[in-house]
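Visitor: Have a look at this one before I ask anything.
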Amino acid sequence: MARVAVIGAGTMGHALALVFALGGHRVRLTDSNPATLAKAQGLMETALATLVQGGEAPADWTSGHLAQAVTRHESLEEAVDGAELIVEAIIEVPEAKRALYERLDACAPPDAILASNTSHLDVFPLIPKARQRRAMIAHWYTPPYLVDLVDMIPGPDCEPATFEQVFGMLKDMGKQPLGLKKFVPGYVANRIQAAIGLEVQHLLDEGVATAPEIDAAIIHGLALRLPILGFYAKADFTGLALMQAVMANRSYTAPEPRGSSPALDRLVAEGRTGVLAGAGYYGWPGDAAALFEARDRRLIALKQAMRQIGTMAGLERSE
């Protein structure tokens, strides 16, 4: 059992606190916004209830159990007191992160490990020199209590043993850490997702297909094979000679990044910003919390089915 401090109680922070608590660790959660911190308990309880109901968390985990495993603290100094691992999950603004790391340098235990959940920022230049030997990125995906992938990148001066310690901790928690050789914005999954996003926005803006039609192509075409095979195992089944010929024939030209999408801009201007707003590309009437719960139930069912089905693409760490 490790003493974990999670800094930031927003969309990712409160969920990460739940993940580490379910992993058997004692967690202290804090946020600079008291309102955000106040909401965290209810959000964790809702997610926990869904996990228990779906068989993805122990049946004896009640809200009382959660309140003991995760405590909330308005003071940063109190939250990190005695912490062995500090998970940074605050806003993706360099100066905000730099200011936080300077405060942590002054109040956190000298041997505490710093793990940033940053999605795209190279945070290592923002971290004080004295903390570099125990600094790394551990980037999670939402919702982290169901999505097991964690991108891990050691800082340039991070001690290998420290990196392996956290890597092993996450493996023991049932997660799938992916150790990358170097930092690259977006890591692997987000970069692939960005390429898909560029293409689907192009198809929508050019009137090739509607949003539901594009989603149908993904769900009933791409998504059926990807969970089982990934990309490269799927290529092996298709045949690499065909893949080579397709590349040589240049049968596909990627759209140029335009920095915006007329369809997306129009939705945002109309206030259709997603589930929390009640509408986005689709209409989402009803309670947002119920919609998130419905998503989580389906993800749980899919995870459980995938455990039984298995995959044909393995992940091995290459030294």
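Visitor: (1) surrounded by 15 or more Cβ atoms within 10 Å (Cβ to Cβ); (2) modelled with pLDDT under 95; (3) under 29 Å from PHE163 (Cα atoms): which one isn't true of VAL4, the others all being true?
Guide: (2)
Visitor: Can ALA305 be described as over 25 Å from LEU198 (Cβ atoms) and surrounded by fewer than 13 Cβ atoms within 10 Å (Cβ to Cβ)?
Guide: yes
Visitor: Tell me, which strands (runs of 3 or more DSSP E) wholly within the range 1-101 include 1 or more residues that are over 22 Å from the mean Cα position of the chain (by Cα), closer than 19 Å to ILE137 by Cα and not assigned by TED's automatic domain parsing to the domain that holds LYS303?
Guide: So the answer is none; nothing clears 1.
Visitor: A follow-up question, please. Could you please tell me which pairs satisfy a Cβ distance under 7 Å, a separation of 6+ or placement on different chains, a first residue in the range 190-219 that is within 22 Å of ALA279 (Cβ to Cβ), and a second residue that is outside any helix (DSSP H, G or I) and of a type in the set (S, T, N, Q)?
Guide: Matching pairs, first to second residue: GLN201/SER261; ASP205/SER261.
Visitor: Any idea which of ALA69, ALA15, ALA9, ALA89 is more than 24 Å from PRO125 (Cβ to Cβ), touching a Leu at 6+ places or on another chain (Cβ under 7 Å), modelled with pLDDT of 95 or more and not basic (Lys, Arg)?
Guide: After applying the criteria, what remains is ALA9.
Visitor: Oh, and also: If I ask for residues that are outside any strand (DSSP E or B), more than 9 Å from the chain's Cα centre (by Cα) and of a type in the set (A, V, I, L, M, F, W, C), which ones from the range 143-157 would you list?
Guide: Within the range 143-157, just LEU146 meets the criteria.
Visitor: Still on this structure, please answer the following. What number of residues within the range 116-145 satisfy the criterion of being within 18 Å of THR11 (Cβ to Cβ), in contact with a helix residue (DSSP H, G or I) (Cβ under 6 Å, 6 or more places away or on another chain) and either modelled with pLDDT of 95 or more or surrounded by 23 or more Cβ atoms within 10 Å (Cβ to Cβ) (or both)?
Guide: Here the count works out to 2.
Visitor: Tell me the helices (runs of 4 or more DSSP H) entirely within the range 192-254 that contain at least 1 residues that are farther than 20 Å from ALA313 by Cβ.
Guide: Fully inside the range 192-254 and qualifying: 211-217, 240-249.
Visitor: Take PHE231 and tell me if it is out of contact with any Leu (no Cβ under 8 Å at 6 or more places or on another chain), modelled with pLDDT under 90, surrounded by 14 or more Cβ atoms within 10 Å (Cβ to Cβ) and not assigned by TED's automatic domain parsing to the domain that holds LEU48.
Guide: It is false that PHE231 is out of contact with any Leu (no Cβ under 8 Å at 6 or more places or on another chain), modelled with pLDDT under 90, surrounded by 14 or more Cβ atoms within 10 Å (Cβ to Cβ) and not assigned by TED's automatic domain parsing to the domain that holds LEU48.
Visitor: Same structure, new question: Could you please tell me which pairs satisfy a Cβ distance under 7 Å, a separation of 6+ or placement on different chains, a first residue in the range 148-171 that is farther than 18 Å from LEU121 by Cα, and a second residue that is among the hydroxyl-bearing types (Ser, Thr, Tyr)?
Guide: LEU149/TYR141
Visitor: Taking the range 7-34, which residues are β-branched (Val, Ile, Thr) and under 21 Å from THR62 (Cα atoms)?
Guide: The answer is VAL19, VAL27.
Visitor: Continuing with the same structure: Quick check on the range 257-289: of everything there that is part of a helix (DSSP H, G or I), at pLDDT 90 or above and among the aliphatic types (A, V, I, L, M), which residue is surrounded by the most Cβ atoms within 10 Å (Cβ to Cβ)?
Guide: LEU267
Visitor: I want to confirm something. Restricting to the range 290-302 and keeping residues that are exposed (fewer than 15 other Cβ atoms within 10 Å of the Cβ) and of a type in the set (A, V, I, L, M), which single residue is farthest from GLU206 (Cα to Cα)?
Guide: So the residue we want is ALA301.
Visitor: If you check ASP105, ASP151, ASP122, which single one turns out to be in the same structural domain as ALA9 (by TED's automatic domain parsing) and under 19 Å from LYS171 (Cα atoms)?
Guide: Every option except ASP151 fails the conditions.
The values are calculated or read from the model by the stated rules, or taken from the named source; none is laboratory data. Note that the structure is predicted; figures quoted are calculated from it, not measured. With ideal geometry, Cβ positions are generated from the backbone for all residues, glycine too; neighbour counts draw on all protein chains shown.
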